[in-house]
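Derivation of every value follows stated rules applied to the coordinates shown; laboratory data play no part. Because the structure is a prediction, the values reported are computed rather than measured. Here Cβ is always computed from backbone atoms with ideal geometry, including for glycine, and neighbour counts include all displayed protein chains.
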Amino acid sequence: MFKLLVGIGNPGKKYNNTRHNIGWKALDLFNLINKSELISKKDDYELYQTFYESKELYSLKPITYVNNSGVPLKKIIKKLNINTNEVLIIVDDINLLLGVIRLKERGGPGGHNGLKSIFSEIATNDIPRLRLGIGTSDRYGEDLVSFVLGKFDANETKIVNDMIDRSVEAIDNILSEGFAKAMELTNYKKQDKVN
């Protein structure tokens with residue numbers, strides 16, 4: 001059973017609705033639906049708590065900027081006394097087409113600096129994650145930084161909103177059915193996407 005959900009994103013209004021903040025958007029919707037309460041706000045994180053099927057569940061938003069996401073996560077893992085395999089990272093992924101979501105048990109950072117920070121701080125990449133496809137940078141002809149810090153186009157809104165809804169559904173499946181079953185339901189389901 002997962003005990004901590006972690007959404008990756010950048011703080012500040014200028015980063016609202018950027019591709020790099022899609023992990024926050026999915027976590028925000030999950031917290032809203034499940035009436036999560038903000039129980040601790042520090043300079044580098046916001047920690048929320050709810051009860052899912054009568055079990056305590058926390059969610060974390062590192063507010064250190066993506067590149068330093070691992071620093072507050074390491075603190076919270078220690079504070080809550082949980083194992084890394086009880087943590088689910090919700091993260092944007094440039095290796096997936098827009099609208100595609102995938103669950104993954106472990107693996108490398110795939111070029112994501114937030115994951116690099118997390119793996120460095122907690123000294124393992126054996127940590128489950130929910131990958132949210134934001135489209136590949138070569139499709140837009142932009143450099144990587146401009147791409148991930150750019151906002152979604154108006155014609156992408158419906159796909160993005162649908163992806164966020166399906167992400168919350170995937171989290172529900174993880175918590176109620178277990179990770180293996182949720183992977184089966186999520187990874188092999190036909191998904192809408194921009195080609």
Taking a straight Cα-to-Cα line shorter than 29 Å from Lys75, and setting aside same-chain lysines fewer than 8 residues away, one finds Lys3, Lys13, Lys14, Lys25, Lys35, Lys41, Lys42, Lys55, Lys61, Lys104, Lys116
Of all DSSP beta bridges having both residues in the chain, the percent classed as antiparallel (nearest 5) is 60 percent
Candidate cut points under GluC sites (Glu not before Pro) in the range 26-107, DSSP loop plus at most 15 other Cβ atoms within 10 Å of their own Cβ, are Glu53, Glu105
Trypsin sites (Lys or Arg not before Pro) in the range 85-182 lying in a DSSP loop, each with at most 12 other Cβ atoms within 10 Å of its Cβ, come to Arg106
Counting only DSSP loop positions in the range 34-87, the trypsin sites (Lys or Arg not before Pro) whose Cβ has at most 10 other Cβ atoms within 10 Å are Lys35
Charge tally for neighbours of Glu121 with beta carbon under 13 Å away, counting Lys, Arg as +1 and Asp, Glu as -1, is +3
